[in-house]
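> Pasting a structure here, questions to come.
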Amino acid sequence: MFDTEIEMSILFEKFLKANFGNTYLKECQGLFGIPDFVFYAKQNDEVSIISFELKLKDWKRAAKQAFRYKSFSNVAYVVLSSRNVKAALNNIDFFEKYNIGLAKFGNDCDFEILFKPESIKPYSENLNSKLIETIGINRKKAKNFELFIG
Amino acid sequence: MKVFHQTGHNIKWNIDSFNEGVGDGLIYSPINIDADKLLGLDLKLKSTGFLDPQLYLLNQAKGSIETYPYFPGNLKSDFATPDLDNDNINLAKLCIDYQLKNDFKYLVIPTKYNAENPTNYLIQCTDYFVIPFCEYAKEVNKDKKILLSVIVKGIMLTDDEKRNEILNWITGHQNVDGVYLIFENNFASKQIKDFDFLFNALRLIKILKDNQMEVHIGYCNTEALLYSLAMPDSVTIGSYENLRSFGIRRFQETDNSPMRSPNARLYSSKLLQWVDYGYIQPMKTLVENYADYFDESPYNPLTNFKPDYNWQFKKTEPYKHYFYVFNKQIKSLSEDQFDRIENLKINIKTSRNLFNKIESSVLLDDDSDGSHLQHWFNVINAFQKEIS
């Protein structure tokens, strides 16, 4: 299992790249909180944003951070190390209540979604526009992103 | 109970606010305003306030403090604590003369900061500051009251022996009329959530009041409401976080490390909390009548400015809003201690209910939620029991 969040983050990045494409930003600043990863998918004129907060443990703190990301994202996920996911699972209704995604991730790149949230309109139009501006006219294609959206 | 503006960077905001009738006076900060500029300010602005002499670190030339005649570096370039053995009288004269020239309401005896709490600290403070200041003040001043600056460290509150020691020391000076009390705040959270700290702060204030001392509490955040229950003479309002929480870093010359800008926050007297503006948008979407959770004021960005108002911690409106709202909140407190206590308990209960409503859909972080309120409530109950 992961010893540090950096270790977890490095592997998660590889996992994202391999399965969903290069359409992501890492530790994007200047928004509301700093998500570990912001994954984006462009379809016609629409950009879907999925943010991820990675944590070895402390699901509640992660959920509070993930909630902030809904200001600029359509979906926000807490990704916990597989070893420490039990406490969060026992509180799955908390994730449902606030419509925050929950997933577990292990060092074999085993990723499982435990609660898939509904896509929402980001709370802050300003922050969402700012993020889309940062993404710019990137032509990279995302794949399989529907997997994250309920 | 009076409300003083704890000034610092952007004193203009405080002056504007004071001129609009908010607050009872200003506490001036030498590291942020040149000595001559302060001398040139309207006497009406100064006769209601006082100087925070800021000799906390003696010879650290932070900001504009070196423009002050009593700055130790102006007496001797490498001035150090032992130099106070010989220069204490001179320093006291220069400091008092400067304060008298400004015609402040009070004369304030400075204090020195110590990271540790050495055993001879209070003796040194007496020798270096209290005795020479009181003696010179007796010579040149007939009517102004004298306040003693005291930095209260956490350990002085929570350790019975140390608390008694500081209380005995403060109350042991015949010519001192009151105290400019500064609670050092080393907490990581934006609100103080420590029962022992808050409860003992109330006890300390009460004992000082029982000893007929004027008690002016500096560097207050919203816990000023809690302190008010011990019936001090004044509390403060301040703009930036470092004016609502005392930390020595603000006075260190070498503190040029890049500071991460905090997010702008909006104070709510109904929630007894500063809410990160980032939560305003989710509240707008998810909470019915979200604007009702905040107060009306000429500065409230929610009701007075365009929807695309640029929230930034450096902008004046959220602070002027706080000055306006918090001053009003303090002024509405009952003069009767028991009513004041009961009313604050009711307010806390109401705030907690409002937080429950918000958090049924908006997940707030620990610095915007109501988690400090349960601690406040426990402190009030303990204090109420003790004084009953």
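> Scanning for something among the hydrophobic types (A, V, I, L, M, F, W, C), within 14 Å of chain B (Cβ to nearest Cβ), touching a Leu at 6+ places or on another chain (Cβ under 6 Å) and closer than 16 Å to A:A63 by Cβ, does the range A:118-126 turn up at least one residue? Give the steps one after another, and end with the answer.
In the first step, residues of the range A:118-126 are kept if they are among the hydrophobic types (A, V, I, L, M, F, W, C); the result is A:120.
Filter once more, so that each one left must be within 14 Å of chain B (Cβ to nearest Cβ): A:120.
Those still in the list that are touching a Leu at 6+ places or on another chain (Cβ under 6 Å) too: none.
Checking the range A:118-126: not a single residue is among the hydrophobic types (A, V, I, L, M, F, W, C), within 14 Å of chain B (Cβ to nearest Cβ), touching a Leu at 6+ places or on another chain (Cβ under 6 Å) and closer than 16 Å to A:A63 by Cβ.
> Could you go through the range B:326-343 and let me know if any residue there is of a type in the set (V, I, T), away from chain A (no Cβ under 14 Å), closer than 26 Å to B:F377 by Cβ and within 29 Å of the chain's Cα centre (by Cα). Full working, then the answer.
Taking the range B:326-343 as the starting set, the residues that turn out to be of a type in the set (V, I, T) are B:330, B:341.
Okay, now just the ones that are also away from chain A (no Cβ under 14 Å), so B:330, B:341.
Pick out the ones that are also closer than 26 Å to B:F377 by Cβ and you get B:330, B:341.
Now restrict to residues that are within 29 Å of the chain's Cα centre (by Cα): B:330, B:341.
Within the range B:326-343, one or more residues are of a type in the set (V, I, T), away from chain A (no Cβ under 14 Å), closer than 26 Å to B:F377 by Cβ and within 29 Å of the chain's Cα centre (by Cα).
> A:L102 - would you say it is under 17 Å from the mean Cα position of the chain (by Cα) and either among the aromatic types (F, W, Y) or surrounded by 16 or more Cβ atoms within 10 Å (Cβ to Cβ) (or both)?
Details: under 17 Å from the mean Cα position of the chain (by Cα): yes; either among the aromatic types (F, W, Y) or surrounded by 16 or more Cβ atoms within 10 Å (Cβ to Cβ) (or both): yes.
For A:L102, the condition - under 17 Å from the mean Cα position of the chain (by Cα) and either among the aromatic types (F, W, Y) or surrounded by 16 or more Cβ atoms within 10 Å (Cβ to Cβ) (or both) - is met.
> Would you tally the residues in the range B:89-115 being under 21 Å from B:G218 (Cα atoms) and either outside the structural domain of B:K153 (by TED's automatic domain parsing) or exposed (fewer than 14 other Cβ atoms within 10 Å of the Cβ) (or both)?
Of the residues in the range B:89-115, 2 are under 21 Å from B:G218 (Cα atoms) and either outside the structural domain of B:K153 (by TED's automatic domain parsing) or exposed (fewer than 14 other Cβ atoms within 10 Å of the Cβ) (or both).
> Continuing with this model, one more query. Determine, yes or no, whether B:K190 is modelled with pLDDT of 95 or more, within 20 Å of the chain's Cα centre (by Cα), surrounded by 14 or more Cβ atoms within 10 Å (Cβ to Cβ) and among the basic types (K, R).
On the way: modelled with pLDDT of 95 or more: yes; within 20 Å of the chain's Cα centre (by Cα): yes; surrounded by 14 or more Cβ atoms within 10 Å (Cβ to Cβ): yes; among the basic types (K, R): yes.
The answer is yes for B:K190.
> Then there is this: Of all residues in the range A:80-99 being away from chain B (no Cβ under 13 Å) and in contact with a helix residue (DSSP H, G or I) (Cβ under 7 Å, 6 or more places away or on another chain), which is surrounded by the most Cβ atoms within 10 Å (Cβ to Cβ)?
Result: A:L80.
> Could you say whether any residue in the range B:44-64 is farther than 20 Å from B:Y240 by Cβ and touching a Ser or Thr at 6+ places or on another chain (Cβ under 6 Å)?
Taking every residue of the range B:44-64 in turn, none turns out to be farther than 20 Å from B:Y240 by Cβ and touching a Ser or Thr at 6+ places or on another chain (Cβ under 6 Å).
> For the range A:2-112, which helices (runs of 4 or more DSSP H) that fit wholly inside it have 2 or more residues that are under 19 Å from A:N144 (Cα atoms) and of a type in the set (K, R)? Steps first, answer last, please.
On the way: elements: A:5-20, A:59-69, A:86-89, A:92-97.
Per the criteria, A:5-20.
> Taking only pairs six or more apart or across chains, which ones have beta-carbon atoms under 8 Å, a first residue in the range B:25-43 that is surrounded by fewer than 19 Cβ atoms within 10 Å (Cβ to Cβ), and a second residue that is of a type in the set (D, E, K, R)?
Sorted first by the residue in the range B:25-43, then by its partner, the pairs are B:L39/B:K101; B:L43/B:D103.
> Helices (runs of 4 or more DSSP H) wholly in the range B:270-388 with at least 1 residues that are over 27 Å from A:W59 (Cα atoms) and not basic (K, R) - which ones?
Numbers: elements: B:280-286, B:301-304, B:316-331, B:337-358, B:371-387.
Ranges flagged: B:301-304, B:316-331, B:337-358, B:371-387.
> Further question: For the range B:207-224, does any single residue satisfy the condition of being touching a Phe, Trp or Tyr at 6+ places or on another chain (Cβ under 6 Å), without any contact (Cβ under 8 Å) to a residue 60 or more places away in the chain and closer than 19 Å to B:Y113 by Cβ?
Among the residues of the range B:207-224, at least one is touching a Phe, Trp or Tyr at 6+ places or on another chain (Cβ under 6 Å), without any contact (Cβ under 8 Å) to a residue 60 or more places away in the chain and closer than 19 Å to B:Y113 by Cβ, which makes the answer yes.
> Search the range B:72-111 for residues being touching a strand residue (DSSP E or B) at 6+ places or on another chain (Cβ under 9 Å) and not in a helix (DSSP H, G or I), and hand back the single one that is nearest to B:M156 (Cα to Cα). Steps first, answer last, please.
From the range B:72-111, those touching a strand residue (DSSP E or B) at 6+ places or on another chain (Cβ under 9 Å) are B:92, B:95-96, B:98-100, B:102, B:104-111; that's our starting set.
The next check asks that each one be not in a helix (DSSP H, G or I); those that pass are B:104-111.
On the way: B:F104: 30, B:K105: 29, B:Y106: 26, B:L107: 25, B:V108: 22, B:I109: 20, B:P110: 19, B:T111: 16 Å.
Applying the filter and picking the extreme gives B:T111.
This table checks each residue for (1) at pLDDT below 95; (2) at negative phi; (3) more than 13 Å from chain B (Cβ to nearest Cβ).
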position	(1), (2), (3)
A:K17	yes, yes, yes
A:T23	yes, yes, yes
A:V38	no, yes, yes
A:I49	no, yes, yes
A:K57	yes, yes, yes
A:R61	no, yes, no
A:K70	no, yes, no
A:Y77	no, yes, yes
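The values are calculated or read from the model by the stated rules, or taken from the named source; none is laboratory data. Everything numeric here is computed off the predicted structure, so don't read it as measured data. Cβ: placed from backbone, ideal geometry, glycine included. Neighbour counts: every protein chain shown.
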